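First the structure, in the form of structure tokens, and then the observations on it.
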Amino acid sequence: GAVVSQHPSRVICKSGTSVKIECRSLDFQATTMFWYRQFPKKSLMLMATSNEGSKATYEQGVEKDKFLINHASLTLSTLTVTSAHPEDSSFYICSAQQVSNQPQHFGDGTRLSIL
Amino acid sequence: KQEVTQIPAALSVPEGENLVLNCSFTDSAIYNLQWFRQDPGKGLTSLLLIQSSQREQTSGRLNASLDKSSGRSTLYIAASQPGDSATYLCAVKRDKIIFGKGTRLHILP
């Protein structure tokens, strides 16, 4: 149980393109979903926390107009990287949590490469 | 500000050996500590979660300990196997999860 599906697993696109990444909880309802970014040989950095039906809470230094997060249902959150540039290339991972005192369950990540 | 440090950054050991990975954190006011495994280019697999009131958790060949007052945790892997090769991440949670940079483990056949 507690499976989180993240799609796509890999994206390669040209600079200026907007890219949407989906995160789905397959067998549970996720009241909260989290989006992380991971640079090579670095820690996972929390970008934002989203609660179903509410605006996402962004961490300091993360541009909310650059990284649009939508959490329209209890099983789906999306991250859209708008007008992506090479510096946005990274590994993005989502996680989902059913209730606040339970573990987060992680997706398999999305490797984003902007040419 | 919570900081999580993992030592060593990388480790290579022969198959069959027992090994210990270390994690330290600066703020002892945590709800729980979790150890994850990450394979190259993949997401995270949760290995063990220790609540702040607990001292250790065990799963198969893995044992994780927590000393909250000193801000330390260890992950003990018994009888290591080549399939254990991966990056191991330590993470502490209070209002959000803070990750360490991980230990890249390579088990030599």
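None of the figures in this text is laboratory data; all of them are computed from the coordinates on show. Note that the coordinates shown come from a computational prediction; the quantities given were computed from them, not determined experimentally. No Cβ is skipped: glycine too gets one built from the backbone with ideal geometry, and neighbour counts run over all protein chains shown.
Can you pull out every residue in region A:32-57 that is buried (at least 18 other Cβ atoms within 10 Å of the Cβ) and not hydrophobic (A, V, I, L, M, F, W, C)? Selection gives A:Thr32, A:Tyr36, A:Arg37, A:Gln38, A:Ser43, A:Thr49, A:Ser50.
Take region A:98-115 and flag every residue that is over 12 Å from the mean Cα position of the chain (by Cα) and either crowded, with 21+ Cβ neighbours inside 10 Å or β-branched (Val, Ile, Thr) (or both).
Across region A:98-115, the qualifying residues are A:Val99, A:Gln104, A:His105, A:Ile114.
Looking across region A:92-115, the residues that are assigned to a loop (DSSP other than H, G, I, E, B) and either at the interface with chain B (Cβ under 9 Å from one of its Cβ atoms) or polar (S, T, N, Q) (or both) come down to A:Gln98, A:Ser100, A:Asn101, A:Gln102, A:Pro103, A:Gln104, A:Gly107, A:Asp108, A:Gly109. Every listed requirement among (1) in contact (Cβ under 8 Å) with a residue 40 or more places away in the chain; (2) within 23 Å of B:Thr103 (Cα to Cα) is met by A:Ser25 save one, (2). Within region A:1-17, the only residue that satisfies the criterion of being more than 18 Å from the chain's Cα centre (by Cα) and of a type in the set (Ser, Thr, Tyr) is A:Ser15.
The set of residues in region A:57-115 being among the aliphatic types (A, V, I, L, M) and without any contact (Cβ under 8 Å) to a residue 60 or more places away in the chain consists of A:Val62, A:Leu68, A:Ile69, A:Ala72, A:Leu74, A:Leu76, A:Leu79. Filtered by the rule that a residue be of a type in the set (Lys, Arg) and more than 8 Å from chain A (Cβ to nearest Cβ), region B:37-48 gives a lone residue, B:Arg37. When B:Thr45 is tested against (1) among the hydroxyl-bearing types (Ser, Thr, Tyr); (2) within 21 Å of A:Ser43 (Cβ to Cβ); (3) surrounded by 16 or more Cβ atoms within 10 Å (Cβ to Cβ), only condition (3) is not met.
One line per residue, one yes/no per condition, for (1) away from chain A (no Cβ under 14 Å); (2) surrounded by 13 or more Cβ atoms within 10 Å (Cβ to Cβ); (3) closer than 30 Å to A:Thr110 by Cβ; (4) without any contact (Cβ under 8 Å) to a residue 24 or more places away in the chain:
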site	(1), (2), (3), (4)
B:Pro8	no, no, yes, no
B:Pro14	yes, no, no, no
B:Ser28	yes, yes, no, no
B:Trp35	no, yes, yes, no
B:Ser52	no, yes, no, yes
B:Pro82	yes, no, yes, no
B:Tyr88	no, yes, yes, no
B:Phe99	no, yes, yes, no
